[in-house]
Each structure stands twice: as C-alpha cells, then as structure tokens.
Amino acid sequence: MKKSKVLTGIFGCIVLWFVGAYRLATESLSIYPLILSVLFVLGSPVAVVVMIIKLKNAQLNGNLH
C-alpha cells in the first residue's frame, strides 16, 4: 500500500466534508443537492477513520511503501 495514495484519499475526504458542510450552512438547497451535501458530511468522516485505520495497520505490518 502506498502511503501517498492513502494520504491523498484522506485529504480528499476532508475536502469533501468541508464542501458538504459549507453548502449545508450557507445555501437553501433543493432536495438533490441537499442529499449530496448530507452524504458528504456523514460519509467523509467515516472514510477518513477507515483510511487512518488501514494506514496504521499497514505501518504495523510493514506493508507500507
């Protein structure tokens, strides 16, 4: 597993979380953009936690390149 790919994924999820939170806080959205913003806000932190766990496991097992 490449460390740069995991860190890029973590960064991307954090950016999506901020975009979703910003859109929820600043705009009155119709139903489709509202659903996407909620999915970004709820799904991104979960993805970040999973990627951090995978990164820690790879470091412990020595599978990190």
Unmet criterion (only one of (1) part of a helix (DSSP H, G or I); (2) surrounded by fewer than 12 Cβ atoms within 10 Å (Cβ to Cβ)) for HIS65: (1)
Restricting to the range 1-57, name every residue that is free of Cβ contacts under 8 Å to residues at least 12 places away in the same chain, surrounded by fewer than 12 Cβ atoms within 10 Å (Cβ to Cβ) and part of a loop (DSSP other than H, G, I, E, B). GLU27, SER28, SER30
Restricting the range 33-55 to residues that are β-branched (Val, Ile, Thr) and over 25 Å from LYS2 (Cα atoms), the one nearest to the chain's Cα centre (by Cα) turns out to be VAL41
What number of residues within the range 18-32 are under 13 Å from the mean Cα position of the chain (by Cα) and among the small types (Gly, Ala, Ser)? 2
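Coordinate-derived values only; no laboratory data. Please read all numbers here as calculations on a predicted model, not as lab measurements. For neighbour counting, all protein chains shown are included, and Cβ atoms are generated from backbone atoms with ideal geometry for every residue, glycine included.
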